[in-house]
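See below for the structure under consideration.
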Amino acid sequence: MTHPFTWWDARTAEEAAALLAKKGAMALSGGVDLLGELKEGIRSPDHIVNLRSVPGLDRIERTDRGWRIGATAILADIAAHAELRKALPGLAESADAVATPQIRNQGTLGGNLAQRPRCWYYRSADFECAKKGGKGCPAEEGENRYLAILGGGPCHIVHPSDCAPMLVALGARLFLRGPDGARDLPIADFYELPSKNILCEYTLKPGEFIEAVEVPVALPRSTYVKLREKDSFDFAAAACAVAGKIDGDHFTEVRVVLGGVAPIPWRAGASEANLMKSTLADAIEPASTAAVDGARALSQNEWKIPLAKAAVARALRSFLPR
Ligand SMILES: Cc1cc2nc3c(=O)[nH]c(=O)nc-3n(C[C@H](O)[C@H](O)[C@H](O)COP(=O)(O)OP(=O)(O)OC[C@H]3O[C@@H](n4cnc5c(N)ncnc54)[C@H](O)[C@@H]3O)c2cc1C
């Protein structure tokens, strides 16, 4: 049976932060991810704070600094926003790549960025694992074919979000609200490897939640390529987000970020260096090879190394003149 909890409909961002500061409180937006965790019995909050009842938290607007997207904006609206898609094509593509139309109509951007991993051992109440506060990682000796090839250990989850790698590539900032006020940080700094924080992939102070995401428009060219086992809908087996500026035949600025292969969105700095030193056409092969520099396969997931390279190559080829 699900642990009983009190349901709170927050009316303002300040009220949401105050409610979330209660012991045993958790935020809920679309509920697509959290309700699964409650049903599995791997989370048992005493209070659930509904963020979708806060008016205006779902706004998508152009500001003088770029685009500000409220945390409860639903993924379908981000994907379908014509002006946003023109300015930030990769972001619209990443929102469109999430799951199914039904999930994109229910899931929010904040929930997508703060969703928890899909590792079978983490998701099943039948297994103990370090991410749930237990001991060890059963995936090391067990089923690990979808898990990390980069940045893993002592836990080997992959970050499941499609929007997070794209927002890292675009240089987005997260606006957090907490009982002590608001703060903002680069989205790349929100995520932490398991070697630093094994219990959660990100750090929020007590009562804090994501209020909005701000995306600059400094990198006009962007794309998101997602490779998955099942084409109808699936989490990424490997994905690549690229955002940059192109002058003639080469990038003058570029960020390359992998999804589905590491416990956090994985910035491929060596790929970026390759892209900055030669023409795009010449850099595609070395940049895609460099993206998996340092990759280490577990017993069943060697196949993800060439797949990640292919995702990078495919993303980069999309910038070649047609
Ligand atoms: C069948 C299925 C397929 C899926 N496929 C994909 C996929 O292909 N790609 C992908 O990216 N995702 C996928 N998802 C995962 C996910 O459910 C969705 O991406 C969705 O965006 C989650 O949003 P939500 O608003 O429903 O989150 P919720 O379930 O409401 O919340 C998710 C987590 O984030 C926390 N949270 C929610 N809002 C905030 C906030 N504003 N600030 C801080 N913390 C918050 C919650 O406490 C919870 O821990 C899939 C899920 C399912 C069930």
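The values are calculated or read from the model by the stated rules, or taken from the named source; none is laboratory data. Here the structure is a predicted model, which is why all the values come from computation and not from measurement. Glycine gets a Cβ as well: all are built from the backbone with ideal geometry, and neighbour counts include every protein chain shown. Only protein heavy atoms, including side chains, enter the accessible area calculation; ligands, DNA and RNA are left aside. Shrake-Rupley method; radii C 1.70, N 1.55, O 1.52, S 1.80 Å.
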Determine which lysines satisfy two conditions relative to K309: a Cα distance under 30 Å, and not lying fewer than 8 residues away in the same chain.
K86, K131, K196, K226, K230, K245, K277
Any chance you could check the Cα centroid distance between region 180-246 and region 122-169 for me, in angstrom?
16 Å
Heavy-atom accessible area per residue of the chain, all protein chains kept, 1.4 Å probe, expressed in Å², is 44 Å²
Over the alpha-carbon set of region 221-317, work out the extent along each principal axis and list the three values in angstrom, largest first.
40, 29, 21
Calculate the translational D of region 45-166 in whole µm² s⁻¹ from Stokes-Einstein, where the hydrodynamic radius comes from the Kirkwood formula applied to all Cα pairs, the temperature is 4 °C and the viscosity 1.567 mPa s.
79 µm²/s
The ³J(HN,Hα) series, computed from each phi in region 195-203 with the Karplus coefficients 6.51, -1.76 and 1.60 at θ = phi - 60°, rounded to the nearest Hz and given as x for glycine or proline, is 5, 9, 9, 7, 7, 8, 7, 8, 10
By its C-alpha gyration tensor, with a ≥ b ≥ c as the square roots of the eigenvalues, how is the chain shaped: rounded for a/c under 1.5, else prolate for a/b larger than b/c, else oblate?
oblate
Which value at 222 nm does the chain reach when only helices count, each DSSP H run of 4 or more adding -39,500 (n - 2.57), with the total divided by all residues and rounded to the nearest 500 deg cm²/dmol?
-8000 deg cm²/dmol
Quick one: pull the percent of accessible area on region 208-314 belonging to carbon and sulfur, 1.4 Å probe, ligands and nucleic acids left out.
52 percent
Using a basic spin-label model with each label point 7 Å from the Cα along Cα→Cβ, how many nm lie between A310 and D293?
2.4 nm
Going by average Cβ neighbours within 10 Å, how do the peptides 100-107, 111-118 rank, with the highest at the top?
111-118, 100-107
